[in-house]
Amino acid sequence: NSTVILTQTNTDSSTSRRREPGDRSHWCVVAYWEEKTRVGRLYSVQEPSLDIFYDLPQGNGFCLGQLNSDNKSQLVQKVRSKIGYGIQLTKEVDGVWVYNRSSYPIFIKSATLDNPDSRTLLVHKVFPGFSIKAFDYEKAYTLQRPNDHEFTQQPWTGFTVQISFVKGWGQCYTRQFISSCPCWLEVIFNNR
């Protein structure tokens with residue numbers, strides 16, 4: 001039975017409470033994956049910023065170390081141990097920023113980071129201590145097809161960002177797909 005802990009800091013005390021994916025006021029949902037397997041539940045984000053870390057409970061956060069994983073792969077275990085402080089997602093007026101709090105690089109793929117005419121999206125490497133504007137709402141809306149009936153009926157990949165810890169994927173790496181990465185996140189933004 002996996003446990004997800006969210007701590008929300010109030011002015012007078014800290015409280016732990018669980019968020020359910022059905023909450024209406026969320027701005028994104030986060031899924032944690034190990035290779036091709038999702039580990040734990042979808043994590044709904046309502047606060048303007050979220051720390052995602054392994055076993056260092058600091059700030060408001062999603063502690064990946066609390067999730068039970070059946071994956072016995074040595075590579076997965078090694079990468080999990082390197083996540084450390086992980087990342088911070090912050091929703092700003094101009095979009096969503098990702099700050100790498102880890103001691104190792106992270107890798108990000110987002111439709112709003114690249115040329116809209118590009119056939120394949122690039123994977124961007126973010127070194128420790130650096131941040132990147134991983135998602136731009138305005139650009140995402142210009143990328144969608146307003147007359148596309150399908151868009152209003154189902155999620156669109158332009159509102160999804162993929163982030164891997166320590167290991168990259170894509171054209172410049174031996175791993176061609178993110179599902180080959182040991183530990184990664186899928187962040188799905190609310191398009192409303």
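Rule-based calculations on the coordinates, nothing more; no lab input. Since the model is a prediction, treat every value here as computed from it, not as a measurement.
Numbers for the structure displayed
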| item | result |
| --- | --- |
| ³J(HN,Hα) computed for each position of region 34-39 - Karplus, 6.51 cos²θ - 1.76 cosθ + 1.60, integer Hz, glycine/proline x | 10, 6, 9, 10, 6, 10 |
| Karplus-derived HN-Hα couplings along region 138-143 (A = 6.51, B = -1.76, C = 1.60, θ = phi - 60°), whole Hz, x at Gly and Pro | 4, 5, 4, 5, 6, 6 |
| Exceeding the 23 Å Cα-Cα cut-off - candidates 109/133; 36/133; 91/167; 82/125; 91/125; 139/167 | 36/133; 91/167; 139/167 |
